[in-house]
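To start, the structure under review is shown below, and the notes come after it.
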Amino acid sequence: MVKITFMGAGSTIFARNVLGDCMCTPILQDAVIALYDIDQVRLSDSELILSAINKNVNEGRADIKTYLGVENRKEALSGATFVVNAIQVGGYDPCTITDFEIPKKYGLKQTIADTLGIGGIMRGLRTIPVMEDFARDMEEVCPDAYFLNYTNPMAILTGYMQRYTSIKTIGLCHSVQVCSETLLKGLDMEDKLEGRTELIAGINHMAWLLKLHDREGNDLYPIIRQKAFEKNQSTKHKDMVRFEYINHLGYYCTESSEHNAEYNPLFIKSKYPEMIDEFQIPLDEYPRRCIKQINEWEEEKNSIHNNGQITHARSHEYASYIMEAILTNKPYKIGASVLNRGLIDNLPVDACVEVPCLVDGSGITPCHVGPLPTQLAAMNMTNINPQLLTIEAARNRDRKTIYQAAMLDPHTAAELNIKDICSMVDELIAAHGDYMNMYQ
């Protein structure tokens with residue numbers, strides 16, 4: 001019997017997508033689904049929506065169970081075949097708010113703050129101790145389970161699990177699947193979508209669309225580079241940062257422009273405030289999204305209570321396809337985050353890289369990519385450096401290494417001096433209280 005344990009099941013919308021996909025997948029339809037969270041209200045909300053999907057889409061075949069609190073965590077994990085991780089330690093309120101408001105006092109502006117930047121560093125540091133506890137439990141009660149991590153900061157958390165635990169961990173994102181489609185639609189090249197082939201590799205949220213060919217094998221990059229330059233010169237649009245990447249680095253990047261605006265020192269600059277409008281950079285974007293999602297879920301929950309007529313169609317999320325490929329030995333290709341063990345030649349071996357992987361009955365096998373173009377590897381390294389230092393800080397519980405991670409973060413270092421960086425880190429750690437009191 002297949003058992004799927006969902007850690008952070010209170011992430012209701014995401015749990016609906018991933019587990020709804022499983023209920024639409026024949027090999028998974030009669031699985032035991034264990035929902036785990038530490039928030040009773042959010043856990044009950046997820047049980048409500050998933051029970052409705054199970055009834056309406058899956059003829060009630062899945063066996064859905066809930067587990068509340070740390071004291072029930074080991075039971076939730078016991079015997080799991082797959083564990084999906086979507087936790088948010090500290091939640092939107094207070095921790096996400098803190099990660100935005102304190103840096104703002106120091107003049108440091110952010111857009112998403114969940115992958116890199118000072119916000120991403122803090123999120124990683126307060127999440128790793130919780131995931132260490134997950135790993136210890138899994139090593140005891142489900143040592144052969146696959147751990148599918150969706151929680152950000154992806155490279156920091158996945159890299160930690162892969163280096164310091166025995167759990168079979170893979171990092172999964174949403175952006176690889178839609179990267180070339182988003183680019184071609186943004187350039188009015190929808191006629192090139194069908195039959196296209198592509199190669200994507202780099203690091204999570206900064207993986208590069210290295211190759212893109214149409215169905216006849218023609219290289220699409222020459223026309224892409226021309227059209228992207230012309231669009232940025234003539235039109236305001238939401239993907240201007242990534243199009244500027246194409247202009248100056250030669251290649252398109254997987255994750256959105258609002259994310260990438262804060263992964264480098266080039267766009268959010270106090271000396272050049274006009275660039276925020278010039279490149280359509282949505283400052284404080286993640287808090288707005290959190291509020292919007294909370295409101296939307298309340299509306300959806302009320303609708304379920306009123307008529308219960310919720311349905312689901314299988315999405316492009318990788319999780320159910322990975323489970324299906326492993327259980328049926330039917331090969332499936334994904335883009336995923338793994339340790340760089342002979343995969344990208346000009347990035348460090350301890351880096352957590354995002355590369356094509358083959359999934360089948362033997363598990364998940366990453367593919368060798370070779371060297372990235374020098375400028376792309378260099379751009380990745382500016383993010384890998386603080387990622388590796390954050391992992392080291394979490395491993396050793398060392399505040400000095402946290403300072404170093406923040407000092408090497410591209411955006412933070414471009415805006416603040418060392419004294420203010422250290423003061424900001426101290427203030428953030430103090431504000432996060434019990435979530436980060438292990439860092440001395």
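The values are calculated or read from the model by the stated rules, or taken from the named source; none is laboratory data. Just so you know, these numbers come straight off a predicted model, no measurement behind them. When we count neighbours, we look across all protein chains shown, and the Cβ atoms used for this are built from the backbone with ideal geometry, even at glycine. These accessible areas exclude ligands, DNA and RNA; they are computed on the full protein's heavy atoms, side chains included. Shrake-Rupley method; radii C 1.70, N 1.55, O 1.52, S 1.80 Å.
If you count, for each residue, the other Cβ atoms within 10 Å and average over each peptide, how do 348-357, 259-268 line up from highest to lowest?
Result, highest mean first: 259-268, 348-357.
For q = 0.12, 0.29 Å⁻¹, what log10 I(q)/I(0) does region 371-440 give under the Debye formula with an equal point scatterer on each alpha carbon and no solvent?
The Cα Debye sum returns log10 ratios of -0.36, -1.26.
What lysines could a cross-link reach from residue 333, if we take a straight Cα to Cα line under 19 Å and drop same-chain neighbours fewer than 8 places away?
Of all the lysines, those that pass the test against residue 333 - Cα under 19 Å, at least 8 places apart if same chain - are 168, 211.
Based on a Kirkwood Rh over C-alpha pairs, give the Stokes-Einstein translational diffusion coefficient of region 98-145 at 37 °C and viscosity 0.692 mPa s in µm²/s.
265
Using Stokes-Einstein with the Kirkwood hydrodynamic radius over Cα pairs, what translational diffusion coefficient do you get for region 43-90 at 4 °C and a viscosity of 1.567 mPa s, in µm²/s rounded to a whole number?
The estimated diffusion coefficient comes to 104 µm²/s.
I need the peptides 283-289, 154-160 ranked by packing, meaning the mean over residues of other C-beta atoms within 10 angstrom, with the highest value on top.
Listed from highest to lowest mean packing, they are 154-160, 283-289.
Enumerate the whole-percent occupancy of each 10 Å bin, from 0 to the last occupied one, for all C-alpha pair distances of region 272-348.
Final binned percentages: 13, 17, 24, 31, 13, 2.
May I ask you to derive the FRET efficiency for residue 51 and residue 350 from their Cβ-Cβ distance with R0 = 41 Å, giving the value to the nearest 0.05?
0.45
Provide the per residue accessible area, probe 1.4 Å, for region 300-440, rounded to a whole number of square angstrom.
So region 300-440 comes to 44 Å² accessible per residue, rounded to a whole number.
What order do you get for 378-388, 242-252 when each peptide is scored by the mean count of other beta carbon atoms within 10 Å, highest first?
378-388, 242-252
Over region 188-337, what percent of the accessible surface lies on carbon and sulfur atoms, probe 1.4 Å?
Accessible surface attributable to carbon and sulfur in region 188-337 totals 49 percent.
Can you give the alpha-carbon Rg of region 303-432 over 2.2 N^0.38 Å, where N counts its residues?
In units of the globular-protein estimate, region 303-432 measures up at 1.48.
Shape verdict for region 171-315, please, from the Cα gyration tensor: rounded (a/c under 1.5), prolate (a/b greater than b/c) or oblate.
The shape class here is oblate.
At q = 0.19, 0.22, 0.23 Å⁻¹, what base-10 log of I(q)/I(0) does the Debye formula yield for region 11-52 when every alpha carbon is treated as an equal point scatterer in vacuo?
Calculated log10 I(q)/I(0) at the listed q: -0.53, -0.69, -0.75.
Per DSSP H run of n ≥ 4, the term is -39500 (n - 2.57); total these for the chain, divide by its residue number, and report the mean residue ellipticity at 222 nm rounded to 500 deg cm²/dmol.
It lands at -15000 deg cm²/dmol.
I need the calculated FRET efficiency for the pair residue 362 and residue 166, taking r as the beta carbon distance and R₀ as 30 Å, to the nearest 0.05.
Computed FRET efficiency for residue 362 and residue 166: 0.95.
Per residue, how many Å² of accessible area does region 50-97 show with a 1.4 Å probe?
43
Kindly state, to the nearest 0.05, the FRET efficiency for residue 427 paired with residue 1, given R0 = 45 Å and r defined as their beta-carbon distance.
0.35
Would you kindly state how much longer the chain becomes between residue 295 and residue 234 on full extension, computed as 0.36 nm times their sequence separation minus their alpha carbon distance, in nm to one decimal?
Taking 0.36 nm per residue and subtracting the Cα distance, the gain is 18.4 nm.
With N residues in region 32-180, what two-decimal value do you get for its Cα radius of gyration over 2.2 N^0.38 Å?
The reported ratio for this selection is 1.15.
What distance in nm separates the two pseudo spin-label positions at residue 413 and residue 438, each 7 Å out from Cα along the beta-carbon direction?
So the two model labels end up 2.7 nm from each other.
Full extension from residue 280 to residue 247: what is 0.36 nm times the residue separation minus their Cα-Cα distance, to one decimal in nm?
10.2 nm
Could you list log10 I(q)/I(0) for the chain at q = 0.07, 0.13 Å⁻¹, which the Debye formula gives when each Cα is one point scatterer?
Log10 I(q)/I(0), no solvent term: -0.34, -1.25.
In whole Å, what are the extents of region 132-206 along the principal axes defined by its C-alpha atoms, from largest to smallest?
52, 21, 16
Between rounded, prolate and oblate, where does region 233-382 land on the alpha carbon gyration tensor, with a ≥ b ≥ c its root eigenvalues, rounded for a/c under 1.5, else prolate if a/b exceeds b/c?
oblate
Bins of 5 Å, beginning at zero and ending with the bin holding the largest distance: percent of Cα pairs per bin for region 216-279, please.
3, 17, 26, 25, 16, 7, 3, 2, 1, 0
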